[in-house]
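Student: Got a structure for you, questions after.
The values are calculated or read from the model by the stated rules, or taken from the named source; none is laboratory data. In this text, all values refer to a predicted model and were calculated from it rather than measured experimentally. Heads up, the Cβs are rebuilt from the backbone with ideal geometry, glycines too, and the neighbour counts pull from every protein chain shown.
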Amino acid sequence: MANMSRRSFLGIAGIASLSLVACGGTNASTSTTEEAATNESAENGSAESATEEAGKIVGGVLVTPYDEGYSTGKHHATIKVKDFGSIKLELNASNAPITVSNFAHLVNEKFYDGLTFHRIIKDFMVQGGDPNGDGTGGSDVNITGEFSENGILNAIQHKRGVISMARSGEPNSGSSQFFIVHKDSSHLDGQYAAFGKVTEGMDVVDKLAEVPAEEGTGAVDPKNQPVITSIVMDD
């Protein structure tokens, strides 16, 4: 399991505002035939190298997307929450390819099935995806934080309905925990890896936001935590 010694909130920054707290050139005398052969070899080598680099993990952190078909374009997923209903998501891999491919990878492994929403703050966000159910857990691999404060452009803003990755104070500490924004939270922009949005089911998010939780921290008593029946990739 990834090192999650600190609770993975919407980061550490902004606690007061309810935010949270991975060379050479070709010789001129070379013949045209030799150049073509050299170029073809280089292209093949690049393709092989690109394939090898997919899903690259460095120091326990995923630094390139998995080669599983979710690293570009838009994809869709459905979260089913026991006794609450379904939430439909549109995931944007063009903005956050590592984040989307990691989420899809975990979904297809059924990692999230049976986990819960363990942290809920009405008018802010609902957070889930922790196998420990208390904000300290995650998957076996952390991911590169795809947000501007980590040097990566991500144009998705944290508006109502946006899904984003929770993390601790380290920028590359996200893994499996995610949150859905209940109310516009622009103070999170540039600090967290937003990777999609709710397209159907905000009424379900609204109901989740009403679950009783500890004031300030948003911690939900284990017996009251809404259960994620399943998450599936629709395409």
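Student: Residues in the stretch 164-186: is at least one part of a helix (DSSP H, G or I) and modelled with pLDDT of 95 or more? Can you show your working first?
Tutor: Of the stretch 164-186, the ones part of a helix (DSSP H, G or I) are 186.
Adding the requirement that they be modelled with pLDDT of 95 or more leaves 186.
There is at least one residue in the stretch 164-186 that is part of a helix (DSSP H, G or I) and modelled with pLDDT of 95 or more.
Student: Right, here's the next one. Could you say which residue among 204, 181 is over 14 Å from the mean Cα position of the chain (by Cα) and surrounded by 21 or more Cβ atoms within 10 Å (Cβ to Cβ)?
Tutor: Details: 181 fails: over 14 Å from the mean Cα position of the chain (by Cα).
After applying the criteria, what remains is 204.
Student: A further question on this structure: Being out of contact with any Cys (no Cβ under 9 Å at 6 or more places or on another chain) and crowded, with 22+ Cβ neighbours inside 10 Å, is that true of even one residue in the stretch 53-61? Full working, then the answer.
Tutor: Of the residues in the stretch 53-61, the ones out of contact with any Cys (no Cβ under 9 Å at 6 or more places or on another chain) are 53-61.
Within this subset, residues satisfying the condition of being crowded, with 22+ Cβ neighbours inside 10 Å are none.
No - not one qualifying residue is present in the stretch 53-61.
Student: Then there is this: Scan the stretch 193-204 and tell me whether some residue there is aliphatic (A, V, I, L, M), at pLDDT 95 or above and farther than 25 Å from residue 105 by Cα.
Tutor: Kept after step one, since they are aliphatic (A, V, I, L, M), are these residues of the stretch 193-204: 193-194, 198, 202, 204.
Pick out the ones that are also at pLDDT 95 or above and you get 193-194, 198, 202, 204.
The next check asks that each one be farther than 25 Å from residue 105 by Cα; those that pass are none.
Within the stretch 193-204, not a single residue is aliphatic (A, V, I, L, M), at pLDDT 95 or above and farther than 25 Å from residue 105 by Cα.
Student: Being surrounded by fewer than 22 Cβ atoms within 10 Å (Cβ to Cβ) and hydroxyl-bearing (Ser, Thr, Tyr) is the filter; apply it to the stretch 125-173 and report the residue that is nearest to residue 204 (Cα to Cα).
Tutor: 136
Student: Select from the stretch 96-120 the residues that are closer than 17 Å to residue 194 by Cβ and β-branched (Val, Ile, Thr) and list them in ascending order.
Tutor: 98, 99, 100
Student: Of a type in the set (Asp, Glu), under 17 Å from residue 82 (Cα atoms) and either part of a loop (DSSP other than H, G, I, E, B) or at pLDDT below 95 (or both): is that true of residue 210 in this structure?
Tutor: Values: of a type in the set (Asp, Glu): yes; under 17 Å from residue 82 (Cα atoms): yes; either part of a loop (DSSP other than H, G, I, E, B) or at pLDDT below 95 (or both): yes.
Considered against the rule, which asks whether it is of a type in the set (Asp, Glu), under 17 Å from residue 82 (Cα atoms) and either part of a loop (DSSP other than H, G, I, E, B) or at pLDDT below 95 (or both), residue 210 comes out as yes.
Student: Going through the stretch 99-152 one residue at a time, which ones are more than 12 Å from the chain's Cα centre (by Cα), of a type in the set (A, V, I, L, M) and either assigned to a helix (DSSP H, G or I) or closer than 19 Å to residue 217 by Cα (or both)?
Tutor: Of everything in the stretch 99-152, those that are more than 12 Å from the chain's Cα centre (by Cα), of a type in the set (A, V, I, L, M) and either assigned to a helix (DSSP H, G or I) or closer than 19 Å to residue 217 by Cα (or both) turn out to be 120, 121, 125, 126.
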